[in-house]
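Q: Quick one: this structure, given as structure tokens, is what I'll be asking you about.
The values are calculated or read from the model by the stated rules, or taken from the named source; none is laboratory data. A quick note: this is a predicted structure, and the numbers were derived from the prediction, not measured. Positions of Cβ are backbone-derived with ideal geometry, glycine not excepted, and every protein chain shown enters the neighbour counts.
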Amino acid sequence: MKTFEKLIRRAKFISEALPYIMKFYDKVIVIKYGGAAMIDPELKQRLLNDVVLLKFVGMHPIIVHGGGPEINKRLKKRKIEYKFIHGLRVTTRQVMEVVEKVLGKKVNQEIVSLIKKNGGRAKGFSGKKGKVIKAHKTWIKNSNGNYHDLGFTGQVAGIRYRFLMKWMKKGYIPVIAPIGIGPRGKTYNINADSAAASIAEHLKADKLILITDVRGVLDKDGELISEIDTDHINRLIKKKTISGGMIPKVKCGIHALQKGVDQVHIVNGQIPHVVLLELFTDTGVGTMVVR
Ligand SMILES: Nc1ncnc2c1ncn2[C@@H]1O[C@H](COP(=O)(O)OP(=O)(O)OP(=O)(O)O)[C@@H](O)[C@H]1O
Ligand SMILES: [Mg+2]
């Protein structure tokens, strides 16, 4: 009897998902999978299984991944120094070599093969492979008006979105490493949040889900802020409550909304089935970025 009740509960849950499936049917969902949330292999496997599920119920998920912790580990091992300015990595030639190996090869291939293992079709893209992200060099202006040279750190100049859409319509889940290709074939390291936001803009995504290793944007007491707008973001950046890797996340979120992406959410990848919770329930689980 107990098992029977359990089965009915499961059937009820599936049936309750119908309105959400209808809402997002044929819609583009961009999922930025942060390196910080990739540590646990079981969670990783579960998350990619859920992404395959989204595809099979008629949505168009697309993954843009990070890989920060893995890159740092490799840099430390090779005794290569590295630093961040305003949450963006300074990419020297040596750092770029590691970025290409870790992001462009290891992490990208791992995600592709996990999707395949879960019965989905995936296609990996990175830098020269597919030339999905066109890029140029980034300069950052500091408070006294000077510019920081971030080396091979780039920003998105364009996205081959029609090419991506073609793959998606053929039943594939694109898996994109945030490595862009610049003039004369130079490759650039791009912050994965901004790559994901640009892809979401160009594909007119309904949702951009930024998966990270914290519950969302936290206030100075460590409490979750469930909804945050531009003014609030600027205040918290000024007070340094929002710092490091959270800065590009919130900034890109606002930019994506201004460019027509419907919803932006920052969620915790350590919550099992976080993507399903975000898409198939009314109550969001992390921070919703609003204009
Ligand atoms: N106000 C804040 N609320 C939440 N996290 C914050 C805040 N300010 C800074 N952070 C930091 O931002 C981090 C998330 O950004 P981070 O770039 O490290 O990870 P990611 O973007 O998920 O991964 P990757 O960079 O590899 O793609 C958190 O782990 C936290 O340390
Ligand atoms: Mg980051």
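Q: Checking the condition within 13 Å of ligand 1 (Cβ to nearest atom), over 16 Å from the mean Cα position of the chain (by Cα) and either surrounded by fewer than 20 Cβ atoms within 10 Å (Cβ to Cβ) or among the acidic types (Asp, Glu) (or both), which residue from 83, 79, 73, 27 passes?
A: Going through 83, 79, 73, 27 in turn, the sole match is 73.
Q: Please verify whether residue 240 is part of a loop (DSSP other than H, G, I, E, B), of a type outside the set (A, V, I, L, M, F, W, C) and closer than 29 Å to residue 83 by Cβ, treating the condition exactly as stated.
A: Answer is yes for this residue.
Q: Residues in segment 131-142: is at least one of a type in the set (A, V, I, L, M) and either at pLDDT below 95 or surrounded by fewer than 17 Cβ atoms within 10 Å (Cβ to Cβ) (or both)?
A: Start the filter on segment 131-142 by keeping residues that are of a type in the set (A, V, I, L, M), which leaves 132-133, 135, 140.
Checking the rest, the ones that are also either at pLDDT below 95 or surrounded by fewer than 17 Cβ atoms within 10 Å (Cβ to Cβ) (or both) come to 140.
Yes, segment 131-142 contains a residue that is of a type in the set (A, V, I, L, M) and either at pLDDT below 95 or surrounded by fewer than 17 Cβ atoms within 10 Å (Cβ to Cβ) (or both).
Q: Another question about this same structure. Could you figure out which of (1) within 16 Å of ligand 2 (Cβ to nearest atom); (2) more than 20 Å from residue 209 (Cβ to Cβ); (3) surrounded by fewer than 17 Cβ atoms within 10 Å (Cβ to Cβ) isn't true of residue 106?
A: (1)
Q: Another one. Count, please, the residues in segment 257-291 that happen to be closer than 24 Å to residue 52 by Cβ and part of a helix (DSSP H, G or I).
A: Total meeting the criteria: 7.
Q: Being in a loop (DSSP other than H, G, I, E, B), more than 20 Å from residue 129 (Cβ to Cβ) and within 15 Å of ligand 2 (Cβ to nearest atom), is that true of even one residue in segment 52-73?
A: Looking for residues that are in a loop (DSSP other than H, G, I, E, B), more than 20 Å from residue 129 (Cβ to Cβ) and within 15 Å of ligand 2 (Cβ to nearest atom), one finds none in segment 52-73, hence no.
Q: Would you confirm whether or not segment 256-273 contains a residue that is out of contact with any strand residue (DSSP E or B) (no Cβ under 7 Å at 6 or more places or on another chain), among the basic types (Lys, Arg) and modelled with pLDDT of 95 or more?
A: Yes, that holds for at least one residue.
Q: Quick one: residue 204 ticks every box in (1) within 27 Å of residue 38 (Cβ to Cβ); (2) outside any strand (DSSP E or B); (3) touching a strand residue (DSSP E or B) at 6+ places or on another chain (Cβ under 9 Å); (4) not aromatic (Phe, Trp, Tyr) bar one, so which box is it?
A: Result: residue 204 passes all but (1).
Q: Looking at residue 244 and the list (1) within 11 Å of ligand 1 (Cβ to nearest atom); (2) modelled with pLDDT of 95 or more; (3) surrounded by fewer than 17 Cβ atoms within 10 Å (Cβ to Cβ), which single condition is not satisfied?
A: Residue 244 satisfies every listed condition except (2).
Q: List the pairs whose first member sits in segment 21-43 and is closer than 15 Å to residue 277 by Cβ, whose second member is within 16 Å of ligand 2 (Cβ to nearest atom) and in a loop (DSSP other than H, G, I, E, B), and whose Cβ atoms are under 9 Å apart, counting only residues at least 6 apart or on separate chains?
A: Close Cβ pairs (under 9 Å, with a partner that is within 16 Å of ligand 2 (Cβ to nearest atom) and in a loop (DSSP other than H, G, I, E, B)) amount to 37/66; 37/213; 37/269; 37/270; 43/269; 43/270.
Q: Within segment 108-121, track down each residue that is in contact with a helix residue (DSSP H, G or I) (Cβ under 6 Å, 6 or more places away or on another chain) and either under 17 Å from residue 66 (Cα atoms) or part of a helix (DSSP H, G or I) (or both).
A: 114, 115, listed by residue number.
Q: Run down 186, 166 and say which single residue is at negative phi, away from ligand 2 (no atom under 16 Å from the Cβ) and without any contact (Cβ under 8 Å) to a residue 12 or more places away in the chain.
A: 166
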